[in-house]
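The values are calculated or read from the model by the stated rules, or taken from the named source; none is laboratory data. Worth saying up front: this structure is predicted, and the values here are computed from it rather than measured. We place every Cβ from the backbone using ideal geometry, glycine too, and count neighbours over all the protein chains shown. These area figures cover heavy atoms from the full protein model, side chains too; ligands, DNA and RNA do not enter into them. Shrake-Rupley method; radii C 1.70, N 1.55, O 1.52, S 1.80 Å.
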Amino acid sequence: GLPPNWEIRVSKTRGIPYYFHPQTQESRWESPPGTDSEKLKAYIAAKFSSSGASDQSSKPQGEKIRAAHLLVKHEGSRRPSSWKDAEITRTKEEARSILQGYEERIRGGSVTLAELAKTESDCSSARKGGDLGYFGRGDMQKEFEDASFALLPGEMSGIVETASGLHLIERIS
Ligand SMILES: N=C(N)NCCC[C@H](NC(=O)[C@@H]1CCC/C1=C\[C@H](COP(=O)(O)O)NC(=O)[C@@H](N)Cc1ccccc1)C(N)=O
């Protein structure tokens, strides 16, 4: 797979995959150092060969993936309320630092995303450890979809922002 926080995206102009690092906004054609190239080559082949041209529009429509997420909402969320909190008043920056703490603990191996999501996620999927089941393109908000589909199974995203709030996403399959 890719080193953490790197994503694979498809260049709209050249229709080929490139590597993107959301936190630094860095993008590059060649894979970042630390990439497990055998696994990545297999992933790219699987992901882009079936659709011929690698642009997303010709992607087989049925492709579904399964992912879990941990959502921390904030005062600017489209629905600042959840099973945990009738009225969510934390700021977006407070939400970000909370989620950064969770991300460090998960990457450090002391806790899993599913365990934290159960008690901490502001999404109703918390009761299932954040598991959203299978979904395809067009089901989720675009930022969430793009981040999820760029993950290899077993990989976790960095912090992803949607109108719902801030998420950590782990692709299951
Ligand atoms: N499986 C699907 N197709 N379910 C429809 C998803 C709708 C989609 N949702 C999102 O994109 C975000 C990312 C993941 C969760 C989510 C938002 C919200 C929380 O944010 P809020 O809406 O208060 O702003 N949780 C949900 O929707 C939950 N039903 C997800 C879920 C819960 C339990 C089991 C399965 C799925 C959207 N297009 O808005």
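Matching residues to (1) closer than 25 Å to Val10 by Cβ; (2) open to solvent by 20 Å² or more (accessible area, probe 1.4 Å); (3) within 15 Å of the chain's Cα centre (by Cα):
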residue: Gly62; (1), (2), (3): yes, yes, no
residue: Ser110; (1), (2), (3): no, yes, no
residue: Thr119; (1), (2), (3): no, yes, no
residue: Ser125; (1), (2), (3): no, no, no
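Residues are listed down the side, and each one gets a yes or a no for (1) more than 20 Å from Gly154 (Cβ to Cβ); (2) at pLDDT 95 or above; (3) assigned to a loop (DSSP other than H, G, I, E, B):
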| position | (1), (2), (3) |
| --- | --- |
| Ser27 | yes, no, no |
| Glu30 | yes, no, yes |
| Thr35 | no, no, yes |
| Ser51 | yes, no, yes |
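Scanning region 2-26 for residues that are farther than 17 Å from Phe149 by Cβ and either in contact with a strand residue (DSSP E or B) (Cβ under 7 Å, 6 or more places away or on another chain) or of a type in the set (S, T, N, Q) (or both) yields a count of 4. Glu94 meets each of the listed conditions (1) away from the ligand (no atom under 13 Å from the Cβ); (2) on the phi > 0 side of the Ramachandran plot apart from (2). Selection of region 75-89 for residues being open to solvent by 90 Å² or more (accessible area, probe 1.4 Å) and within 11 Å of the ligand (Cβ to nearest atom) yields Arg78, Arg79, Trp83. I'd like the full set of residues that are near the ligand (Cβ under 10 Å from one of its atoms), closer than 18 Å to Ser97 by Cα and either acidic (Asp, Glu) or without any contact (Cβ under 8 Å) to a residue 12 or more places away in the chain (or both), limited to region 115-173. Hit for region 115-173 is Asp122, nothing else. Residues of region 131-164 that are touching a Gly at 6+ places or on another chain (Cβ under 8 Å) and at positive phi: Gly154 alone.
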